[in-house]
Amino acid sequence: MPLLSFISNNQLVMYTQQVLDKVRIAYDGADAKLYSNVVDPFSATFDAMRQDITLEDWLNQERSRQVQKTLQNAVGDFHQNILGSVPGWENPGRGGGYDLINHERKILVEVKNKFNTMNSSSAESTYRKLARYVDGDYRGYNAYVVFIVPKNVGDYDKPWSPNQVTMPLRDDIRKADGESFYRTVTGYDDALEDLYDVMSHLIAKLLQREKVSDEDHAKLKQLFIRAYK
């Protein structure tokens, strides 16, 4: 039985396993990475004592913190892979210049996992890149930057400029939140929520853990609601 209406079970499992594998590799190399840069012993002492935890517990926290960047990048790739598997959409992979494209609907996309993954400089660089596409080889297309996790609750799909003084708002360069764009790509109103609802059970299965309880699943669902509703 299909877990989702817009992607096969085999693809969903494959892309989920890829995230888990990347995180596992990152954790396996975390000790070497932890000491590749000098650990500030003063900060470590202050923070460990402030939290009333052992140094070993603090080091475990630091390892987890360093792995978070790998996880965030892997989750961004996960969404790019999921969306790029929907019929009509293409995912050129790394080095493609953009993350997704649909030639029939004339849409090309830059996918960002979270609203804060771009600083002002990278946002302006992204705008210029999208402008080059729609003013050049992809004239007539709409170019999107999509923030899967938006800064504020609420759907949006609107013209985007990171600096309206030097970069004009234009209808063919747009930004959208994850829930809106999943809807645009799949044609299903609740596509992103449906994906989220199956993830915890699927991850537990792939990790050979016990099934997530209804209580824990409800708590996880609250995280989604706080981000999107």
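The values are calculated or read from the model by the stated rules, or taken from the named source; none is laboratory data. Since this is a predicted model, take the numbers as computed values, not measurements. With ideal geometry, Cβ positions are generated from the backbone for all residues, glycine too; neighbour counts draw on all protein chains shown. SASA here: full protein model, heavy atoms, side chains in, ligands and nucleic acids out. Shrake-Rupley method; radii C 1.70, N 1.55, O 1.52, S 1.80 Å.
Observations
- Restricting attention to region 59-82, the residues that are polar (S, T, N, Q) and within 18 Å of Leu192 (Cβ to Cβ) add up to 3.
- Within the span defined as region 190-208, one or more residues are without any contact (Cβ under 8 Å) to a residue 24 or more places away in the chain and closer than 30 Å to Lys106 by Cβ.
- Filter pass, Val111 being assigned to a strand (DSSP E or B), in contact (Cβ under 8 Å) with a residue 12 or more places away in the chain and open to solvent by 10 Å² or more (accessible area, probe 1.4 Å): yes
- Residue within region 193-209 that is closer than 19 Å to Phe147 by Cα, among the basic types (Lys, Arg) and out of contact with any helix residue (DSSP H, G or I) (no Cβ under 7 Å at 6 or more places or on another chain) present: no
- Pairs where the first residue, in region 1-19, is without any contact (Cβ under 8 Å) to a residue 24 or more places away in the chain and the second is among the polar types (S, T, N, Q) and surrounded by fewer than 14 Cβ atoms within 10 Å (Cβ to Cβ), C-beta under 9 Å, 6+ apart: Met1/Asn9; Pro2/Ser8; Pro2/Asn9
- Pair list, Cβ under 8 Å, 6 or more apart: region 32-48 residue more than 18 Å from Val67 (Cβ to Cβ), other residue surrounded by 10 or more Cβ atoms within 10 Å (Cβ to Cβ) and β-branched (Val, Ile, Thr): Ala48/Thr54
- Members of region 139-192 that are within 19 Å of Arg226 (Cβ to Cβ) and acidic (Asp, Glu): Asp155, Asp177, Glu179, Asp190
- Tallying residues that are of a type outside the set (Lys, Arg), under 15 Å from the mean Cα position of the chain (by Cα) and either modelled with pLDDT of 95 or more or under 26 Å from Ser5 (Cα atoms) (or both) within region 99-120 yields 6.
- Per the conditions (1) out of contact with any Lys or Arg (no Cβ under 9 Å at 6 or more places or on another chain); (2) under 29 Å from Pro87 (Cβ atoms), the sole criterion not satisfied by Leu223 is (2).
- Residues of region 32-86 classified as within 15 Å of the chain's Cα centre (by Cα), of a type outside the set (Asp, Glu) and modelled with pLDDT of 90 or more, total: 13
- Count of residues meeting criterion [open to solvent by less than 30 Å² (accessible area, probe 1.4 Å) and assigned to a loop (DSSP other than H, G, I, E, B)] in region 82-95: 4
- Filtered residue count, region 51-67, keeping only those that are out of contact with any helix residue (DSSP H, G or I) (no Cβ under 9 Å at 6 or more places or on another chain) and polar (S, T, N, Q): 1
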